[in-house]
Amino acid sequence: MATLVTGGAGYIGSHTTVALHDAGREVVVLDDFSNASRRVIDAIRSLTGSDLVVVEGDAGDPGVLEPVFARYRIDSVVHFAARKSVSESVADPLGYYRANLGSVIALAAAVVDRGVGRVVFSSSAAVYGATSTLPVTEDSPTAPESPYGATKLMGERILADAAAASQMTAVMLRYFNPVGAHPSGLIGEDPSGEPSNLVPRIMQVASGRRDRLEVFGGDYSTVDGTAVRDYVHVMDLAEGHVSALEADLTPESSRIYNLGTGAGTTVLQMLAEVSDVVGVPIAYEVAPRRPGDPAASWADCTRAHHELGWQARRSLKEMLADHWNLTRPHPEPTDSSPPHPPST
Ligand SMILES: NC(=O)c1ccc[n+]([C@@H]2O[C@H](COP(=O)([O-])OP(=O)(O)OC[C@H]3O[C@@H](n4cnc5c(N)ncnc54)[C@H](O)[C@@H]3O)[C@@H](O)[C@H]2O)c1
């Protein structure tokens, strides 16, 4: 039996594919490579020593899904494949609804038809919007600020409804802020363009690809005036998917879990940590707040701990050291860094 991983060549999907392999699972990756390099597949194969099965195609196309389910004995699905830029979703909301919800509907239909037992869905802290109380629990009010966040909340609803009417169990994982890379430095997130996430931007300053960091907002009511987020190592997130596939969730038909560390870090604290890891000061300037950015957001992960037996284990220092290992200038040219556009 195998786990189908849609978007398995992407940032979180590639790490999860490795974690699933390490947990003894067979994996079939389905990816259209719209936001991943094919070299990632070579890197996964070399990390796992396996002949990973990869299907190239659109996870929203029933004509692609049907032969995959017919050919491989799929008993579970992890659905990462999606467009993920908040700003792009504001400019192209219909494109985001079509892509992100079309794939959820097509996949849910295939899963129900084939009697697949479990689907794990990549959701996001973006479903909570800017007004949540802290720490954010799974019962905090949802109020997505962008079409992207809305597609995640709607995707959860579609899967929960499909699960309630069938034998499948749907597990929604709301990620907070994934950071870091596999310690080998062979896979990770190293955007070639303009990243919107903090750590890739800081790393671009650290490696000389950017002059200074723009810190969006210096007048929030936080300890130092800058925004607070919950950063979680991508390897911890990857392991959260293994836990979500393996946990006994009966009699629930669907369940939602926050995946974070439960700790908040300000932008200035993050700058100091990166300086420490990299060994150079990081130049920055304070810029106006970005619309829709909450002052502070960190997760209560008690439910994931109690029900999935999962908690983040890696420290902020490890996240940054692994991220730096991936993005630091290498003496020899490396072809291991996939291109990634801005993410959420
Ligand atoms: N990275 C984050 O900060 C973050 C935070 C919260 C939630 N998420 C969610 O986690 C998931 C994975 O995020 P990521 O950072 O790894 O993104 P990513 O862009 O690196 O990975 C997505 C992968 O899916 C593939 N893909 C996209 N559309 C596809 C389609 N229709 N059919 C087949 N393959 C397709 C891309 O080529 C890519 O390999 C996404 O659903 C994203 O919304 C990400």
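Among the residues of region 321-333, is any modelled with pLDDT of 90 or more and within 17 Å of the chain's Cα centre (by Cα)?
Scanning region 321-333 turns up at least one residue that is modelled with pLDDT of 90 or more and within 17 Å of the chain's Cα centre (by Cα).
In region 98-113, the residues that are farther than 20 Å from R83 by Cβ never reach a residue that is of a type in the set (S, T, N, Q) and within 10 Å of the ligand (Cβ to nearest atom) with C-beta atoms less than 7 angstrom apart, at least six apart or across chains. I'd like the residue in region 44-91 that is among the hydrophobic types (A, V, I, L, M, F, W, C), more than 12 Å from the ligand (Cβ to nearest atom) and part of a helix (DSSP H, G or I) and, out of all such residues, is farthest from the chain's Cα centre (by Cα). Per the stated criteria, the residue is A70. Residues in region 1-43 that are of a type in the set (A, V, I, L, M) and part of a loop (DSSP other than H, G, I, E, B) were compared, and the one that is farthest from the ligand (Cβ to nearest atom) is M1.
Residues in region 173-190 that are among the hydroxyl-bearing types (S, T, Y) and either in a loop (DSSP other than H, G, I, E, B) or over 14 Å from the mean Cα position of the chain (by Cα) (or both): how many? Of the residues in that region, 1 qualify. So L316 clears everything in (1) more than 16 Å from P178 (Cα to Cα); (2) in contact (Cβ under 8 Å) with a residue 40 or more places away in the chain except one condition, right? Which one? So L316 meets the others, but not (1). Of all the residues in region 276-288, those that are surrounded by 15 or more Cβ atoms within 10 Å (Cβ to Cβ) and farther than 13 Å from L198 by Cβ number 3.
Against the conditions (1) in contact with a helix residue (DSSP H, G or I) (Cβ under 6 Å, 6 or more places away or on another chain); (2) crowded, with 22+ Cβ neighbours inside 10 Å, A150 satisfies every one except (1). Residue count for region 126-167 satisfying the condition of being in contact with a strand residue (DSSP E or B) (Cβ under 7 Å, 6 or more places away or on another chain), more than 15 Å from the ligand (Cβ to nearest atom) and modelled with pLDDT under 95: 1. For region 226-245, state whether one or more residues are surrounded by fewer than 19 Cβ atoms within 10 Å (Cβ to Cβ) and of a type outside the set (K, R). For region 226-245, residues surrounded by fewer than 19 Cβ atoms within 10 Å (Cβ to Cβ) and of a type outside the set (K, R): absent. Just one of (1) farther than 23 Å from E307 by Cα; (2) away from the ligand (no atom under 12 Å from the Cβ); (3) within 20 Å of the chain's Cα centre (by Cα); (4) crowded, with 21+ Cβ neighbours inside 10 Å fails for A170. It is (1).
Of all the numbered requirements in (1) under 23 Å from A110 (Cβ atoms); (2) surrounded by fewer than 21 Cβ atoms within 10 Å (Cβ to Cβ), D22 misses one, and that requirement is (1).
The values are calculated or read from the model by the stated rules, or taken from the named source; none is laboratory data. Keep in mind it's a predicted model, so treat the numbers as computed, not measured. Don't worry about glycine lacking a Cβ; one is built from the backbone with ideal geometry, like all the others, and counts go over all protein chains shown.
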